[in-house]
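All remarks here apply to the structure that follows.
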Amino acid sequence: MKFSDRANELRPSAIRAAGKLIASREGCITFAQGYPAAELMPVREMTEITDDILGSRGEIALQYGMTKGNEELLKEIVSMLAKSGIKCEPKHIQVTTGSQQGVFLCAMLLLNKGDTVVVENPTYLGALSSFTPLECQFAGIDADSEGMDMEALEQRLAADSSVRIIYVVPNFSNPTGKTWSLERRKKLLELAVKYDVMILEDNPYGDIRFEGTPVPSIKSMDETGHVIYLGSFSKVLCAGLRVGFTVSSEKTADIFEVFKQGVDLQSNEFAQVQVAEYLRRYGLDDQLERIRSVYRRKRDLMIQVIDEEFPACVERTHPEGGMFVWIVLPEGTDASVLLEKAVREAAVGYVPGGPFFVEPGHENTARLNYSAGSDEEIVEGMRRLAAFFKKELEG
Ligand SMILES: Cc1ncc(COP(=O)(O)O)c(C=O)c1O
């Protein structure tokens, strides 16, 4: 059978490859998956809600619905966003099958073959997977602890008229856990307006802040329609329901609706009704409090072992929220080569950082997830990793 060029060029995801390797080793503790904590799933509440929906309006919830999204859910999203400073109406929203689909719809909306997508170095791997089939090019811009280097970004925008998208994860980024300062967000918006380029603000982790002061979203400051905002209930409620959304201009939302008809007709109606009912009954505040307190504890456990037991040559980020710590090993180290050894010899795994960059040369990095494991697994797994790195990096 003859596949398309894009199918032939597909490479398996590094996270999936790491996951497979780790799963093949019995007793291996993994920091590779970006899963929310299983113990925080609102199973009791969802059981009650599901029974009530089936009892009261099952024939509606199990039926096809509107491509744009379930009406009750659209209203709940509007009021949820208003609390975080984003003013919008249902006509600006498109419900998506996870925010992952939002990234893909934006790629369909904005990219022609050969166009350029600017991303932060490093960036979310799943976004690269959504953009790649559109046959675009990537430009990676370095970032420090406050966000993307704005001088480098402006140079690129001034020199390259093929840039169509600047994709950013400004809160507790996947993979680094870093957050952008307010100044960088304002500057990014200023540059996007000046060069007339769209910003995709992907914000699945913004509400999971357990330290520091919240920073306004870029969308909340957008007066010219240069930001498409991507939200998700995956990290704050139930990832398996696959409910996310985009916020954009009305015209863009209308185009998303037409694209989505061709992709999947609509997102799961029953899941949308479940999320809407959860929000109506409980709101998100209590669930977020639970998530924040558990993730803070888990982050503390992870960084405590890094600080006390890892070789001093290993650097780490200090996430104030979200689910990931990013580590930098000495120059010349290849974290993917070490992963194979770590899994085999120390029964512990992580995701090598190289694939999160659009250019080679960052193989000495790795992403560690702290949300999924139990406290005991985090401490034991990190100790195994500490002993392994000591042996490998200090001889
Ligand atoms: C930055 C970022 N964007 C989008 C997604 C996709 O999330 P979902 O499709 O579950 O909403 C993820 C998942 O890990 C992510 O980290």
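The values are calculated or read from the model by the stated rules, or taken from the named source; none is laboratory data. Just so you know, these numbers come straight off a predicted model, no measurement behind them. A quick note on method: Cβ atoms are made from the backbone with ideal geometry, for glycine too, and the neighbour counts reach across all protein chains shown.
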Seminar exercise, completed: Considering the range 22-46, residues that are assigned to a helix (DSSP H, G or I) and surrounded by fewer than 19 Cβ atoms within 10 Å (Cβ to Cβ), and then whichever is modelled with the lowest pLDDT, we arrive at Ala23
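So, Val103, is that one closer than 30 Å to Glu201 by Cα, in a strand (DSSP E or B) and hydrophobic (A, V, I, L, M, F, W, C) or not? Give the derivation first.
Values: closer than 30 Å to Glu201 by Cα: yes; in a strand (DSSP E or B): no; hydrophobic (A, V, I, L, M, F, W, C): yes.
When the stated conditions are applied, Val103 does not pass them.
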Seminar exercise, completed: Of Thr67, Thr96, the only residue that is out of contact with any strand residue (DSSP E or B) (no Cβ under 7 Å at 6 or more places or on another chain), at pLDDT 95 or above and surrounded by 14 or more Cβ atoms within 10 Å (Cβ to Cβ) is Thr67
For this session: Return the total of residues in the range 63-74 being in contact (Cβ under 8 Å) with a residue 24 or more places away in the chain and assigned to a helix (DSSP H, G or I).
Result: 2
For this session: Would you mind listing the helices (runs of 4 or more DSSP H) fully within the range 108-195 where at least 2 residues are under 26 Å from Val258 (Cα atoms) and free of Cβ contacts under 8 Å to residues at least 40 places away in the same chain?
Result: 125-131
For this session: Determine which single condition Gly19 fails, assuming it passes every other condition in (1) farther than 30 Å from Gln272 by Cβ; (2) in contact (Cβ under 8 Å) with a residue 12 or more places away in the chain; (3) surrounded by fewer than 17 Cβ atoms within 10 Å (Cβ to Cβ).
Result: (1)
Exercise. Which one of these does Ile49 not meet: (1) within 16 Å of the ligand (Cβ to nearest atom); (2) among the aliphatic types (A, V, I, L, M); (3) more than 23 Å from Ser374 (Cβ to Cβ); (4) modelled with pLDDT of 95 or more?
Worked result: (1)
Exercise. If you go through the range 110-123, how many residues are buried (at least 24 other Cβ atoms within 10 Å of the Cβ) and of a type in the set (Ser, Thr, Tyr)?
Worked result: 1
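Only one of these is in contact with a helix residue (DSSP H, G or I) (Cβ under 8 Å, 6 or more places away or on another chain) and among the β-branched types (Val, Ile, Thr): Val358, Val337, Val328. Name it.
Val358
If you check Phe210, Phe233, which single one turns out to be within 16 Å of the ligand (Cβ to nearest atom) and either in contact with a helix residue (DSSP H, G or I) (Cβ under 6 Å, 6 or more places away or on another chain) or β-branched (Val, Ile, Thr) (or both)?
Working: Phe210 fails: within 16 Å of the ligand (Cβ to nearest atom).
Going through Phe210, Phe233 in turn, the sole match is Phe233.
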Problem set entry | Residue within the range 179-195 that is among the small types (Gly, Ala, Ser), more than 16 Å from the ligand (Cβ to nearest atom) and under 19 Å from the mean Cα position of the chain (by Cα) present | yes
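Look through the range 359-373, keep the residues that are touching a residue at least 60 places away in the same chain (Cβ under 8 Å), of a type outside the set (D, E, K, R) and surrounded by fewer than 20 Cβ atoms within 10 Å (Cβ to Cβ), and return whichever of them is farthest from Glu340 (Cα to Cα). Quick ask: steps written out before the conclusion?
The first filter runs over the range 359-373 and keeps only residues touching a residue at least 60 places away in the same chain (Cβ under 8 Å), leaving 359, 362, 365, 367-373.
Filter once more, so that each one left must be of a type outside the set (D, E, K, R): 362, 365, 368-373.
Imposing the further condition that a residue be surrounded by fewer than 20 Cβ atoms within 10 Å (Cβ to Cβ) reduces the set to 362, 372.
Working: His362: 18, Ala372: 21 Å.
Within the range 359-373, the match that is farthest from Glu340 (Cα to Cα) is Ala372.
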Exercise. So which residues in the range 158-171 are among the hydrophobic types (A, V, I, L, M, F, W, C) and more than 17 Å from Asn121 (Cβ to Cβ)?
Worked result: Ala158, Ala159
For this session: Looking only at the range 109-123, decide whether some residue is within 16 Å of the ligand (Cβ to nearest atom), at pLDDT below 95 and of a type in the set (S, T, N, Q).
Result: no
For this session: Determine, yes or no, whether Ser129 is surrounded by fewer than 23 Cβ atoms within 10 Å (Cβ to Cβ), over 22 Å from Met108 (Cβ atoms) and either within 16 Å of the ligand (Cβ to nearest atom) or within 22 Å of the chain's Cα centre (by Cα) (or both).
Result: no
Exercise. Are any residues in the range 196-226 surrounded by fewer than 22 Cβ atoms within 10 Å (Cβ to Cβ), in a strand (DSSP E or B) and among the aliphatic types (A, V, I, L, M), and if so, which ones?
Worked result: Met198
For this session: Test each condition in (1) modelled with pLDDT of 95 or more; (2) assigned to a helix (DSSP H, G or I); (3) touching a strand residue (DSSP E or B) at 6+ places or on another chain (Cβ under 9 Å); (4) not basic (Lys, Arg) for Ile60 and report the one that comes out false.
Result: (3)
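Evaluate the range 74-88: report whether one residue or more is among the acidic types (Asp, Glu), in contact with a strand residue (DSSP E or B) (Cβ under 6 Å, 6 or more places away or on another chain) and at pLDDT 95 or above. Explain how you work it out, then say what you get.
Going through the range 74-88, the residues among the acidic types (Asp, Glu) turn out to be 76.
From what's left, in contact with a strand residue (DSSP E or B) (Cβ under 6 Å, 6 or more places away or on another chain): none.
No - not one qualifying residue is present in the range 74-88.
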Exercise. Can you name the residue in the range 70-91 that is buried (at least 22 other Cβ atoms within 10 Å of the Cβ) and closer than 16 Å to Ile228 by Cα and is also farthest from the ligand (Cβ to nearest atom) among such residues?
Worked result: Ile86
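Within the range 141-173, count every residue that is small (Gly, Ala, Ser) and either surrounded by 23 or more Cβ atoms within 10 Å (Cβ to Cβ) or within 16 Å of the ligand (Cβ to nearest atom) (or both).
Keep residues of the range 141-173 that are small (Gly, Ala, Ser), which gives 143, 145, 147, 152, 158-159, 161-162, 173.
From what's left, either surrounded by 23 or more Cβ atoms within 10 Å (Cβ to Cβ) or within 16 Å of the ligand (Cβ to nearest atom) (or both): 143, 147, 173.
Of the residues in the range 141-173, 3 are small (Gly, Ala, Ser) and either surrounded by 23 or more Cβ atoms within 10 Å (Cβ to Cβ) or within 16 Å of the ligand (Cβ to nearest atom) (or both).
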